[in-house]
């Protein structure tokens, strides 16, 4: 079953893809829209550390994060520039903004082998809703454990 909003649950979908099975772990992101059982344990697979960095930036520097998108446009060229930039040369806030932009524009929310999403809908980044979407994701992940699991594909 598909979520009601294609982009509305963007971060939750990213985190859903990053979760790994632990025992009888099942996810319930979209409530009544998907009939999955709620899991007693959820583990977040942050394979490259970018997800925890985004979470930490949102926790402590949300005022600096949101303006990173003040003049952002949805563009294949900007997407490629972000892909080519080396994360280790960026500040934590810039890394978080880069990760968010790439995930927002990547086809299928893929972490590896990202390609630009060429949907025929409105641009992906909605500046009015960035804080709202990330706050909802924070509430959803309040009880999850984070673990770096290299070699595990999402």
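Only the coordinates and a few stated rules stand behind these numbers; no lab work does. Treat the numbers as computed from the prediction; the structure is a model and nothing was measured. Cβ coordinates were reconstructed from backbone atoms using ideal geometry, including for glycine residues, and neighbour counts include every protein chain displayed.
Residue separation of residue 135 and residue 110 scaled by 0.36 nm, minus their Cα-Cα distance, works out to 6.8 nm of gained length.
In this rough spin-label picture, where each label sits 7 Å from Cα along the Cβ direction, the residue 81-residue 121 distance is 2.6 nm. Here 80, 70 are placed in order of increasing Cβ neighbour count within 10 Å, fewest first, which gives 70, 80. Were the residues from residue 88 through residue 74 laid out at 0.36 nm apart, the gain over their Cα-Cα distance would be 2.7 nm.
Per-residue Cβ neighbour counts within 10 Å put 69, 99 in the sequence 69, 99, beginning with the fewest.
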